[in-house]
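All remarks here apply to the structure that follows.
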């Protein structure tokens, strides 16, 4: 799990809060990379988080921060930062490998079965690109459909009609695929989710310590947030396991 380096100029361009602020934030990030390389993961975490609070929103920063937490033994917060990075850059192979590792560890700790091959295929298809890229492809596909339809209607050469018809069919398929990819990916990126960051967490039947435990949660488990009351939140651990845990045991993605 190596730290990824980003040029100072690139990090500065991403902020847009003035040159001095950008340079200072990028400097924090570069210093954190140096500490990570020397094995000072606690120091790297402090500086990485400082860069994130300063406004750097970058998948490499989040990836490095997740790695630093993992190296320091905090699997929960490692998974949280990796999932934040995944929302920005779902195609990163190293990030995918780390998340797959975290998922296997959680499944083993909780006794859960891995996803079916078919479900893995659909998830990998959805995660080929972030929602904004799916949206761009969908827009281009719709424009392409209308252009092809216009050409088909205006064409007076019968030999070309079959070609336009074939291209129209493929454009419709592309609209359907890109539309499904956009909707499913956007849902994943915007759904209220959190990661368990505490150890020995038992989900209860109600919002309080006096309720009956219904299932256990492991650090790094990704859960959906249903509602929060005072110091407790109702979470769902797919498939369909619902319970209440202390809010401080969770970190929102």
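Throughout, read-outs are computed from the coordinates displayed, never taken from laboratory work. Please read all numbers here as calculations on a predicted model, not as lab measurements. Positions of Cβ are backbone-derived with ideal geometry, glycine not excepted, and every protein chain shown enters the neighbour counts.
Give me 38, 84, 123 ranked fewest to most by other Cβ atoms within 10 Å of their Cβ, as a rough exposure proxy. Mind showing how you got there, number by number?
Details: 38 10, 84 21, 123 13.
Ascending Cβ contact count within 10 Å gives the list 38, 123, 84.
Between (1) 27, 20, 16; (2) 40, 28, 16; (3) 34, 19, 16, which matches semi-axes √(5λ) of the Cα gyration tensor in Å calculated for the structure shown?
Checked against the structure: label (2).
What number, rounded to the nearest 500 deg cm²/dmol, is the helix-based mean residue ellipticity at 222 nm of the chain, given -39500 (n - 2.57) per DSSP H run of at least four residues and division by all its residues? Before the final figure, lay out the partial values.
Numbers: 9 runs with 151 residues, N = 253.
Estimated from H runs of four or more residues: -20000 deg cm²/dmol.
List 41, 145 from most exposed to least, where exposure is judged by having the fewest other Cβ atoms within 10 Å. Could you put the intermediate results ahead of the total?
Details: 41 20, 145 17.
Ranked by crowding around the Cβ, least crowded first: 145, 41.
Going 7 Å from the Cα of residue 125 along its beta-carbon direction, which residues of region 146-190 have the amide nitrogen within less than 20 Å of the resulting point?
Zone members listed by number: 168-189.
Any chance you could run the full-extension gain for residue 151 through residue 113? It's 0.36 nm times the residue separation minus the Cα-Cα distance, nm to one decimal. Write out the running numbers ahead of the final one.
Values: separation 38, 0.36 × 38 = 13.68 nm, distance 5.12 nm.
Result for the pair: 8.6 nm of gain on full extension.
Could you list 162, 141, 46 in order of exposure, starting from the residue whose Cβ has the fewest other Cβ atoms within 10 Å? Mind dumping the intermediate values first?
Values: 162 9, 141 19, 46 15.
The most exposed by this proxy come first: 162, 46, 141.
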